[in-house]
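Shown next, in structure tokens, is the structure this report addresses.
Every number in this text was worked out from the coordinates using simple rules, so none of it is lab data. What you are looking at is a predicted structure, and each value in this text was computed from that prediction instead of being measured. Note that we place each Cβ from the backbone using ideal geometry, even for glycine, and neighbour counts take in every protein chain shown.
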């Protein structure tokens, strides 16, 4: 499988970030991984790496909903104000422990999220995202 150029993990939980990075690295999913601890850091990462686009501009954003500071929904609201070309460049998947119906409804109204996954991230979940959004699958282990 050809790896994605870059993935952005947005989660305030350092343990989740470590485990997700370790899994993604072991599977060879992406050439590079960026980490942001909240929505504001994620927007800064996008501004730094995507305007103008560089090799570190994420093709996939795995976004937590509940974070201190700028949460996932607030990030998505701000993301809508990025240039249209930048918005179309990334697949955004919400990765969360709780999908409260209120949160799902708010996110769906924004119409920019490509999917929802419950934590923890697994090989099967990664493979599903790759198959659905990138026409790729992981090699059989």
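Numbers at a glance
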item: Test: residue in the stretch 51-71 that is surrounded by fewer than 12 Cβ atoms within 10 Å (Cβ to Cβ) and within 15 Å of the chain's Cα centre (by Cα); result: no
item: Residues located in the stretch 1-20, provided they are buried (at least 16 other Cβ atoms within 10 Å of the Cβ) and in a helix (DSSP H, G or I); result: 16, 17, 20
item: Which numbered condition residue 98 fails, given (1) out of contact with any helix residue (DSSP H, G or I) (no Cβ under 7 Å at 6 or more places or on another chain); (2) in contact (Cβ under 8 Å) with a residue 24 or more places away in the chain; (3) within 25 Å of residue 27 (Cβ to Cβ); result: (3)
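Matching residues to (1) over 14 Å from the mean Cα position of the chain (by Cα); (2) surrounded by 12 or more Cβ atoms within 10 Å (Cβ to Cβ):
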| site | (1), (2) |
| --- | --- |
| 49 | yes, yes |
| 92 | no, yes |
| 96 | no, yes |
| 102 | yes, no |
| 106 | yes, yes |
| 111 | yes, no |
| 115 | no, yes |
| 123 | yes, yes |
| 139 | yes, no |
